[in-house]
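In what follows, a structure is listed as structure tokens, so that the remarks can point back to it.
Derivation of every value follows stated rules applied to the coordinates shown; laboratory data play no part. For clarity, every value in this text was computed on a predicted model and none was experimentally measured. Because the Cβ atoms are built from the backbone with ideal geometry, glycine has one as well, and the counts that use them run over all protein chains shown.
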Amino acid sequence: MVLFYIGPDNPFSERINKVAIRYIIPLLEQNWALFAPNPSTSNIKFGYKCNFNGQGWTQIKDPCASILERHYSNRFGYSGKLYYICDSIIREVHNYLYSLKKEKDCEQKDAACIKELEETLNHSAQYRTAKRFVTDLCMLEAPKTFISLSTKFYFIETFPRDFSKRNLSNNQNKPYLIEFK
Amino acid sequence: MKINFNRIKLLIISTMVDVSHPSVITIFRTSLYSFLLINTLIMLPGADLFWGPSSYSYFQITDQINLFTTALSILARSDSTSFYYYFLMLQIISLIFGIFGICPLLCSILVYFLTINLDNKAWPTLNGGNNLVHIQLLYLIVIELGLSVNRQLKRYNVNQGSVYELFNGLANFGFLTARIQLVIVYVVSGLTKLKGALWIHGVALYYVFNTEAYSHPLAVKYIATSDFLIVAGTYFTLIFQLGFPWLIWIRKFRKVLIPMGTFLHMQIAFVMGLMDFGFAMSVMYLLFLTEDRASIIINYWQPKSVLFVHCPTIGSKLALKLVKLFDFSDRINTLDQNIERCPSACSEERFFFGIEIGIEITKRIPILLPLVPILMILKITDFGSLSRRKSFNLNVERINKPEQILMKKELRDLI
């Protein structure tokens with residue numbers, strides 16, 4: 001039954017899944033298809049900017065980059081785990097936005113729908129966690145006295161060269177970027 | 001087709017006569033708990049960021065809310081700032097007790113409950129290895145239930161009839177399920193990989209190594225630029241995952257499959273940086289050890305014979321007294337200085353010199369077991385011989401079990 005539940009789709013799996021789901025989800029939840037069929041073909045990056053007292057935005061920074069560097073130099077530490085947390089913060093916001101867009105299916109000119117979507121996003125645990133993280137990061141580089149703090153963060157997806165074009169020097173794929181305020 | 005129910009009945013009864021793999025279970029339990037303990041200790045310096053109030057993981061609401069999911073997400077649901085500390089300490093204590101086989105059933109339940117609670121709190125750090133460990137911890141409870149009930153039945157000389165057989169069957173069922181679970185991982189992973197164009201065309205590893213989170217600059221430089229390594233590595237992974245579920249049941253293939261699998265998962269650990277996943281999968285291979293091999297390993301690491309140590313100097317006497325503080329099973333004794341030989345009750349004796357003495361002492365004291373590999377290296381590299389006359393000069397061991405002689409053949413030949 002477990003095999004039918006987690007295996008590739010077949011004529012039996014739909015019927016068996018209804019029964020299997022009742023005991024598999026609480027105790028034996030698994031999804032080994034996660035390792036397949038294809039590996040990720042992009043890199044996710046987290047960017048953030050701070051603005052103290054309305055004096056202008058700081059340069060864009062990636063908080064996960066230094067953690068990843070530490071993970072490269074020492075595989076036995078906890079930096080790897082820390083990196084996955086850092087990476088998941090922006091990934092989860094993006095995934096939630098993606099699911100919201102799919103659910104609401106707003107048209108470009110439908111301002112009310114877009115506003116509702118933004119509000120739903122801003123109240124989500126994913127967005128609030130990311131905002132708290134970015135605020136904490138900005139506080140680390142804040143001047144001694146400041147009245148106001150604004151933050152922005154970015155979901156940046158970069159793509160490595162396709163295998164077939166790996167030896168071409170001027171064929172860098174264009175990154176994909178979303179700004180969150 | 002006529003079904004022979006008598007044969008099926010006999011087959012089922014044969015699985016209930018005795019626990020089929022007690023030594024394999026011991027090794028698997030010890031290794032799995034050691035893995036979890038190391039994993040927790042590694043994360044301990046950053047505990048606050050993973051489980052504490054500074055954590056950036058939030059509670060994920062699931063559709064399936066029942067007694068189990070609620071009990072396993074107590075920590076994730078809690079807003080208390082220092083609550084995690086108790087979970088963490090209890091998990092470490094349960095793991096240490098479990099490693100030394102103290103209250104194994106209680107430990108297995110506690111380890112399952114605490115580990116999943118901690119993991120559910122730090123869910124962004126999880127991967128397939130953690131998922132597999134969770135499932136295997138559940139099977140371990142089933143196994144320990146069978147073993148513990150039978151241990152109590154034996155201890156109190158209760159009539160060992162059908163109840164005894166039933167719990168034997170339960171332990172064997174848990175063990176077989178744990179093995180099948182590992183096979184399922186490879187069946188699903190292998191079959192779904194066949195649907196992916198990148199795996200079929202032999203270029204999947206190129207994209208894996210170009211994903212920064214699961215790569216290393218050296219891998220990008222040396223592996224991702226080599227067409228041969230990319231294609232060979234991709235097909236090796238595919239063939240291994242498709243072949244493992246069938247070939248692992250044939251003993252002669254295990255000798256090849258397990259080293260190949262360990263190599264694959266060590267690559268995932270060190271090159272891709274998924275340390276816990278790589279080591280968790282390697283620990284799972286221990287389920288496929290044969291019982292004979294497992295009992296040899298256990299006897300090698302835990303000799304039942306008594307060691308008599310000759311201590312001619314004050315320093316060596318003091319050192320031995322210190323060691324004796326941890327010798328709860330009384331496996332180390334001082335040899336009478338005048339005799340310098342094994343007491344008359346010895347059925348057989350064996351002599352150890354230099355670093356060998358240190359190895360034999362540490363083998364008999366569970367708390368010192370982590371030192372054994374270090375002493376082994378000292379022995380192999382001949383560093384150990386430098387300390388030969390420092391503290392002890394003659395030691396005699398009484399051998400209780402004849403098969404232990406086989407383990408130290410070179411020493412027997414020496415004598």
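Output the direction-averaged projected area (hull surface divided by four) of the convex hull of the alpha-carbon atoms of the range A:4-112, in nm². Walk me through the numbers on the way to the answer.
Numbers: hull surface 52.2 nm².
Its Cα hull, projected and averaged over all orientations, spans 13.0 nm².
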**Asked** Of A:115/A:152; A:104/A:181; A:115/A:144, which sit over 28 Å apart, Cα to Cα?
**Response** A:115/A:144
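Evaluate peptide B:195-207: per residue, the Cβ atoms of other protein chains within 10 Å of its Cβ; return the mean as an integer.
On the way: counts 5, 6, 2, 6, 4, 2, 1, 1, 6, 6, 2, 7, 9.
Whole-number average of other-chain Cβ neighbours for B:195-207 is 4.
For the range B:59-201, what is the relative contact order in percent, using Cα pairs closer than 8 Å and at least 6 residues apart in sequence?
Working: 105 pairs, mean separation 27.7, N = 143.
The normalised contact order for the range B:59-201 reaches 19 percent.
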**Asked** If you find the alpha carbon centre of the range B:234-311 and of the range B:133-166, how far apart are they in angstrom?
**Response** 26 Å
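With a 10 Å Cβ neighbour count serving as the proxy for reagent exposure, in which order, fewest first, do A:71, B:216 appear?
Working: A:71 22, B:216 19.
In order of increasing Cβ crowding within 10 Å: B:216, A:71.
Taking neighbour counts of Cβ atoms within 10 Å as a proxy for exposure, in what order, fewest first, do B:16, B:284 appear?
Details: B:16 19, B:284 24.
Exposure proxy ranking, most exposed first: B:16, B:284.
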**Prompt:** What's the center-to-center distance, using Cα atoms, between the range A:94-142 and the range B:12-33 in Å?
**Reply:** 51 Å
**Item:** Positive-end residue, the protein assembly as shown charge dipole about Cα centroid, Cβ charges, pick of A:111, B:210, B:35
**Value:** B:35
**Message:** If you average the C-alpha positions of the range B:80-99 and of the range B:177-202 separately, how far apart do those two centres end up, in angstrom?
**Reply:** 35 Å
**Alpha carbon Rg of the range A:57-181, scaled by the compact-globule rule 2.2 N^0.38 Å** = 1.29
**Prompt:** How long is the range B:119-242 along each principal axis, judged by its Cα atoms, biggest number first, in Å?
**Reply:** 67, 32, 22
**Acute angle (nearest 10 degrees) that the helix A:79-104 long axis makes with the longest principal axis of chain A, alpha-carbon atoms** = 80 degrees
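Hey, got the average number of other protein chain Cβ atoms within 10 angstrom for residues in A:47-55? Numbers along the way, then the final one.
Values: counts 0, 0, 0, 0, 0, 0, 0, 0, 0.
Counting other chains' Cβ atoms within 10 Å and averaging over A:47-55 gives 0.
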**Item:** the range B:35-176: radius of gyration and largest Cα-Cα distance (Dmax), Å
**Value:** 17.3, 56
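Add +1 for every Lys or Arg and -1 for every Asp or Glu among the other residues with Cβ under 14 Å from the Cβ of residue B:246, and state the total. Don't jump to the answer; show the numbers that get you there.
Numbers: positive: B:179, B:251, B:252, B:254; negative: none.
Net charge in that neighbourhood comes out at +4.
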**Request:** Report relative contact order for the range A:4-103 in percent, whole number only (criteria: Cα-Cα under 8 Å, sequence separation at least 6).
**Result:** 17 percent
**Complete:** When B:154, A:45, B:193, A:104 are arranged by how many other beta-carbons sit within 10 Å of their Cβ, fewest first, they go B:154, A:104, A:45, B:193
**Item:** Where labels lie 7 Å past Cα in the beta-carbon direction, separation of residue A:111 and residue B:106 in nm
**Value:** 6.8 nm
**Prompt:** Using a Gaussian network for chain A with springs between C-alpha atoms less than 10 Å apart, which of these wobbles most: A:140, A:100, A:28?
**Reply:** A:28
**Asked** So how tilted is helix A:125-140 from the main axis of chain A? Cα-based, degrees 0 to 90, rounded to 10.
**Response** 30 degrees
**Message:** For Cα pairs less than 8 Å apart in space and 6+ apart in sequence, what is the mean separation divided by the residue count of the range B:152-269, i.e. the relative contact order in percent?
**Reply:** 22 percent
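Translational diffusion coefficient of the protein assembly as shown at 10 °C, 1.306 mPa s, Stokes-Einstein with Kirkwood Rh over Cα pairs, in µm²/s as a whole number.
Details: Rh = 28.0 Å.
So the translational diffusion coefficient is about 57 µm²/s.
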